[in-house]
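Asker: Dumping the structure here so I can ask a few things about it.
Since every read-out is calculated from the coordinates, none of them should be taken as a lab result. All values reported here derive from a predicted model rather than from experimental measurement. So basically every Cβ, Gly included, is an ideal-geometry build from the backbone, and we count neighbours across all protein chains shown.
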Amino acid sequence: MNAVLNSLKPGENASKFASRVAAVLVIGLALSFASDVFFTQANLLNIFRQASLLFLMASGLTLVVLAAGIDLSIGANVALSACLAGSVIKATGSPLEGAVVALACGTAIGVINGVLVALLRMPSFIATYGMMWLINGLTYYYMAGSTIYGFPHGFRQLGSGYLFAIPVPVYLMLLFLGLAALFTSRTIYGQQVYAIGSNPVSARFSGIPIKRRLVLVYALSGLMAGLASLVFLARLNSAEGDIGAPLTLPAIAAVLIGGTSLFGGVGTPFGTLIGALLLTLVLNGLNLLNIDANWQPFVTGAIIIIAVLVDSVSRQRQEARA
Amino acid sequence: MHNVQALPQTRPWTATVGRIPGVAYMMVVIVVLFSSLNRQFLDGANLINIGSQGSILLLLALPMTFVILTEGIDVSAGAVAAASSVALGCVMQAGGHTWLGIVAAIGVGTLFGLFNGTLIAWLRLPPFVVTLGTMGMAQGLALIFSNGQSITDIGTVIPALYGGKVLGIPAPLIFAIVAYALNHLLLYRSRFGIYARAIGGNPEALRFAGVSAKAWLISIYAFAGAMFGIGAILLTARMSTAHPTASLGMEFDAIAAVVVGGTSFEKGNGGLPGTLLGVLTIGMLRNGLNLVGVPSSVQVSCVGVLVLLALLIEGWKTK
C-alpha cells in the first residue's frame, strides 16, 4: 500500500490525480441524479467488476506505454488465450491446466512482441498491429466458428463470484495494482522502464540493458492479457473467436485517461486504475440512460483523442516552462 | 587501384539479387504455390477477378502510401470507408440523386481526413493513436446512422459502377487504372507529392524553404479520407448494399500492401509502384486462399505473416 501511495508523487502528479478522481466523482454524482439504478449496490458492484477486468488488461499495457511503446495485440491475445484455456478446461475438467495454458499463451505472445520490437527493431505500433491480425486469424482458425461454453462452477467464481459481498475480480485488481505499483516504484526494473521511456539514449549510456527490459515489459503485458482472459472466460462462461476485438480500444483509453503519457516515462498503475474506472463509469452511464450501444465505440474513440490531446498539451506546456 | 574500371562488371550476383524488391519474391512464391494447388488460379477469369477485387484495395492503399511516406499511419481507413458507405446508403435510401450520394460519401471521408490531419499536423499528436480514436468514432457513427443494419435499397446506378463494363473492360479495372495514374502524377509530378515525401524524409528542408508543412500534412490526410470515400463507393457497388461493418479491417490490407510494397515507416522511402505490386500480392494471396477454402477471417493471419516478413526484410536491408 505504501508503494501505491508513493506512486502519487507530490506536486504536479498529485494535482493530475486529484483532477481525475474528481472527474470520477462528478460523473458518478451526475449519473446518480440522472438514473435511479446507478446508485444501487448491484450496479456499483457491476461497475467495479467491469473496471477490474479492464484494469487487468490495461495494467500490463501501462508498463509498455511507460517504456514509450504500445501493444495493440492485447485484445487479440485475450481472445486466443481465452479460447485455448476454455477448450483445455472443457477437455480436462481442470481449471488449473486451463490457467497454465492461458498464462503461457499470453506470455508467449508478449515475448514475440518484445522480440519483434526490441531485437528486430520494428516500430511497436506496426509490429503489434500485425501480431493482432495474425493472432485474430489463428483464433478463428482454432475455433472454426464454434462456441465453447459451460465451465465448472468453481472456475466461474473467478469472474462472477463474490467474497465478503465484493466481486472476486476486484480483489484481483487490488492485488495486481499493488504488484504493479511495487514493480514500477520499488524495483530497479521499474525505474529502468521509466528511464527507457523518458530518454532511451541516456538510458543506454547509463548501462540499462534496454533490449532485455523491453522484452520483459512486453512479456508482462502478454502475461496480464493471459490473466485477464481467465477472468473474462469465467465471467462470460463462454468463448468465441471474436471476443477480443472490442477490448483493445478501451484498454488503450484506460491507460491514456489514467495519465500515462504516450510519449513514455510518465504515468503510474494507479492512474490506469482511475482511468479504467472513469471509462467504465461513462460506458455504464450511456447504458443506464438508454443510449444506443452503437454510441460506445464513438465515445471510446473520442475519449482516446481527448486523453492524448490533454497529454500532449500538458507536455508542451512543461517544455515551454523548462 | 588498377582494377577500379573492372568493378562494375565484377559486382557479385548477390548484390543483383538484393536489388530486386522483396515483394517480387513473395509474388513468385504465391503464384507458384497457388497455381500448383489449384488449376483455376491462373485462369483468365480468375485473374480479372483478382484485378477487380484488388481495385477496391488499391483505392485505399494508394493514399495510405502518401500517409506512410510522411512517417504517419491511418488505421481509421476501414472505419471511415464504413461511415462513407453508410452515408451513401442513407442518401440513396432517402431517394437522393446518385451524385448527391457520391458527394456525401467522399465528403464524409474528407471530413474524417481533415479531422485526423488537424490533430496530427496542428497539435502534433501521434498518428496511430489519433487514427485509432477516429476509427472508434467512425465505426460508431456508421453503426448509429445505419442502426447496425445493412442498407439494401440503394438503386441500380451504384451497383453498375462495379458490375458494368466499358469497351469490354470491367469498370473496377478502369477505376483502378485511372486512380493509379492520377495518384502517380500527384506523387511524382506535383508539389503535393514532393512535399509528402519531404515531410517524412527531410522536414527541415521544407521549413527552410518556407513551406507550411502543417497545411500540406493536413491536406494529405484529407486527400486520403476522400480516397477512402471513393473506395467505399466501389465497395458498396460491389456488394449492392451499404453495410456498417463490411469494410472494418480493410485498413490492415491497405497498410499491408504498402509495407509489403517496400514503403518504409521511416524517412519517406518507397512509392506507388511498390504499393501496386503489394496490392496484387495481397489480392493474389487472398484469392488463392479462397480457392483452397481458407475462410477470410483466417486469411488475415497470412497477411499478418506477410507484413512481419516485409518488416524483417526491411530491417535487414537497413542494417
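Asker: Being within 10 Å of another protein chain (Cβ to nearest Cβ) and surrounded by fewer than 23 Cβ atoms within 10 Å (Cβ to Cβ) is the filter here, so list the residues in the range B:250-263 that pass it.
Answerer: The answer is B:252, and nothing else.
Asker: For the range A:275-295, does any single residue satisfy the condition of being in contact (Cβ under 8 Å) with a residue 24 or more places away in the chain, of a type in the set (D, E, K, R) and either within 9 Å of chain B (Cβ to nearest Cβ) or under 24 Å from residue A:184 (Cα atoms) (or both)?
Answerer: Looking for residues that are in contact (Cβ under 8 Å) with a residue 24 or more places away in the chain, of a type in the set (D, E, K, R) and either within 9 Å of chain B (Cβ to nearest Cβ) or under 24 Å from residue A:184 (Cα atoms) (or both), one finds none in the range A:275-295, hence no.
Asker: Another question about this same structure. Just to be sure I understand the filter: pairs with C-beta atoms under 6 Å, separated by 6 or more residues or on different chains, first member in the range B:123-134 and in contact (Cβ under 8 Å) with a residue 24 or more places away in the chain and more than 7 Å from chain A (Cβ to nearest Cβ), second member in a loop (DSSP other than H, G, I, E, B) and surrounded by 22 or more Cβ atoms within 10 Å (Cβ to Cβ). Which pairs pass?
Answerer: Close Cβ pairs (under 6 Å, with a partner that is in a loop (DSSP other than H, G, I, E, B) and surrounded by 22 or more Cβ atoms within 10 Å (Cβ to Cβ)) amount to B:127/B:72; B:127/B:73; B:131/B:74; B:131/B:75; B:131/B:76.
Asker: Among the numbered conditions (1) within 30 Å of residue B:205 (Cβ to Cβ); (2) part of a helix (DSSP H, G or I); (3) not hydrophobic (A, V, I, L, M, F, W, C), tell me where residue B:264 comes up short.
Answerer: So the condition that residue B:264 fails would be (2).
Asker: Could you check the range A:125-156 and list, in sequence order, the residues that are part of a helix (DSSP H, G or I), surrounded by 15 or more Cβ atoms within 10 Å (Cβ to Cβ) and more than 14 Å from chain B (Cβ to nearest Cβ)?
Answerer: A:155, A:156
Asker: If the requirement is being within 19 Å of the chain's Cα centre (by Cα) and closer than 30 Å to residue B:204 by Cβ, which of these qualifies: B:69, B:111, B:59?
Answerer: One residue alone meets the criteria, B:69.
Asker: Go through the residues of the range A:173-189 one by one and say whether even a single one is of a type in the set (S, T, N, Q), part of a helix (DSSP H, G or I) and within 23 Å of residue A:128 (Cβ to Cβ).
Answerer: Going residue by residue through the range A:173-189, those that are of a type in the set (S, T, N, Q) are A:184-185, A:187.
Now narrow it down to the ones that are part of a helix (DSSP H, G or I): A:184-185.
Keeping just the survivors that are within 23 Å of residue A:128 (Cβ to Cβ) gives A:184.
Yes, there is a match, as at least one residue in the range A:173-189 is of a type in the set (S, T, N, Q), part of a helix (DSSP H, G or I) and within 23 Å of residue A:128 (Cβ to Cβ).
Asker: For the range B:264-303, give me each residue that is touching a residue at least 12 places away in the same chain (Cβ under 8 Å) and over 27 Å from residue B:193 (Cα atoms).
Answerer: Residues satisfying the conditions are B:284, B:285, B:286, B:287, B:288, B:289, B:291, B:292, B:299, B:300, B:302, B:303.
Asker: So which pairs qualify, if the first residue must be in the range A:15-35 and farther than 17 Å from residue A:303 by Cα, the second must be assigned to a helix (DSSP H, G or I), the Cβ gap must be under 6 Å, and the two must be at least 6 apart or on different chains?
Answerer: A:31/A:285; A:35/A:288
Asker: Evaluate the following for residue B:86: is it in contact with a His (Cβ under 9 Å, 6 or more places away or on another chain) and either surrounded by fewer than 24 Cβ atoms within 10 Å (Cβ to Cβ) or of a type in the set (D, E, K, R) (or both)? Reasoning before the result, please.
Answerer: Working: in contact with a His (Cβ under 9 Å, 6 or more places away or on another chain): yes; either surrounded by fewer than 24 Cβ atoms within 10 Å (Cβ to Cβ) or of a type in the set (D, E, K, R) (or both): no.
It is false that residue B:86 is in contact with a His (Cβ under 9 Å, 6 or more places away or on another chain) and either surrounded by fewer than 24 Cβ atoms within 10 Å (Cβ to Cβ) or of a type in the set (D, E, K, R) (or both).
Asker: Follow-up. Can you tell me which residue among A:231, A:282 is assigned to a helix (DSSP H, G or I) and surrounded by fewer than 23 Cβ atoms within 10 Å (Cβ to Cβ)?
Answerer: Every option except A:282 fails the conditions.
Asker: Ok, one more. State all residues of the range B:137-171 that are closer than 15 Å to residue B:81 by Cβ and within 7 Å of another protein chain (Cβ to nearest Cβ); if no residue qualifies, say none.
Answerer: B:137, B:139, B:140, B:141, B:143
Asker: Among what's in the range B:287-319 and is outside any loop (DSSP other than H, G, I, E, B) and away from every other protein chain (no Cβ under 12 Å), pick the residue that is farthest from residue A:130 (Cα to Cα).
Answerer: Ranking the qualifying residues of the range B:287-319, first place goes to B:291.
Asker: Scan the range B:48-82 for residues that are surrounded by fewer than 24 Cβ atoms within 10 Å (Cβ to Cβ) and of a type in the set (Gly, Ala, Ser) and jot them down.
Answerer: B:51, B:52
Asker: Quick check: anything in the range A:102-121 within 12 Å of chain B (Cβ to nearest Cβ) and either of a type in the set (D, E, K, R) or free of Cβ contacts under 8 Å to residues at least 12 places away in the same chain (or both)?
Answerer: yes
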